[in-house]
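Where a number appears in this text, it was derived from the coordinates with a stated rule and is not lab data. From a predicted model like this one, the values you see are computed outputs, not experimental measurements. With ideal geometry, Cβ positions are generated from the backbone for all residues, glycine too; neighbour counts draw on all protein chains shown.
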Amino acid sequence: MSPAPVLETERLILREFRRSDLDAHAATLGDAEVMRHIGGEALSREDSWRRLAMSVGLWSLIGMGPWVVERRSDGRYLGHIGFFNFERDLQPSIAGEPEMGWIFDRAAQGQGFATEAGMAALGWADEVLKPASIPAIIDLENTPSMRLAERLGFVCQADAVYREQPIALFRRARP
C-alpha cells in the first residue's frame, strides 16, 4: 500500500501526516473543548504522537486513513479528516466499511474548511474505495459534527451503541 494521496481544493491541501505535524496535532488533540465529544478528555502529547503514528500506519495497512488538512495560503495545520477501520465493537456493526471521521482545531471551525475537506475526501473514496455506503459515528451532543455530516450527504440512522453508550450513526450512500 502507498502513503496517503495528496488532494487539493481551492483553499486546502489534504496530505499524509509528517513528524513535523506533532506540535499542531498535539495542540488540537490537547484542547479539552475539541475533545469533549471524542472520548471526553484532552490527549497528552504522547497520546497525540501515538494517534499520528497510527494515522500513518493505517494507509500502509489498509489503504485508507486520515489526511492532515492544511490551509493552502500559509500551510497552517487545521485538523484531520479521513476514513478508518477501527474494528469497533459497535451495534449495529459497521465492520468492513470505511468509517469517516474528522477533528478540526477550534481556530479552524466555522469557516467551511471541514466541508471543503470532506467533499474532497468523499470524492476520493467514491472513486477509489467505491463503498456502497460510508458510516460516521457522532456523539449525541455534537451538533456541529452532525450538521457537517448532513452537509456532506450523510443521513442520520437509528442510534447505535458503542462502549455501552448510545451514539448517533450517520450513513452516506454512494452517489
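Net charge within 13 Å of S44 by Cβ-Cβ distance, Lys/Arg positive one each and Asp/Glu negative one each, not counting S44 itself?
With Lys, Arg at +1 and Asp, Glu at -1, the neighbours total -1.
Which ordering of L90, L78 is given by a fewest-first count of other beta-carbon atoms within 10 Å?
So the ranking, lowest neighbour count to highest, is L90, L78.
Let me know the whole percent of all Cα-Cα pairs from region 7-134 that are separated by more than 22 Å.
35 percent
Under a Cβ-Cβ cut-off of 13 Å, what is the net charge of the residues other than L29 that fall near it, where Lys and Arg count +1 and Asp and Glu count -1?
So the environment of L29 carries a net charge of -3.
Determine the calculated [θ] at 222 nm for the chain from helices alone, applying -39500 (n - 2.57) to every DSSP H run no shorter than 4 residues and normalising by the residue count; nearest 500 deg cm²/dmol.
Values: 5 runs with 55 residues, N = 175.
Calculated from helices alone, the mean residue ellipticity at 222 nm is -9500 deg cm²/dmol.
Using a 10 Å cut-off around each Cβ, can you sort W102, W67, W49 from fewest to most neighbouring Cβ atoms?
Fewest-to-most Cβ neighbours within 10 Å comes out as W49, W102, W67.
Please order E164, E87 by the number of other Cβ within 10 Å, starting at the fewest.
E164, E87
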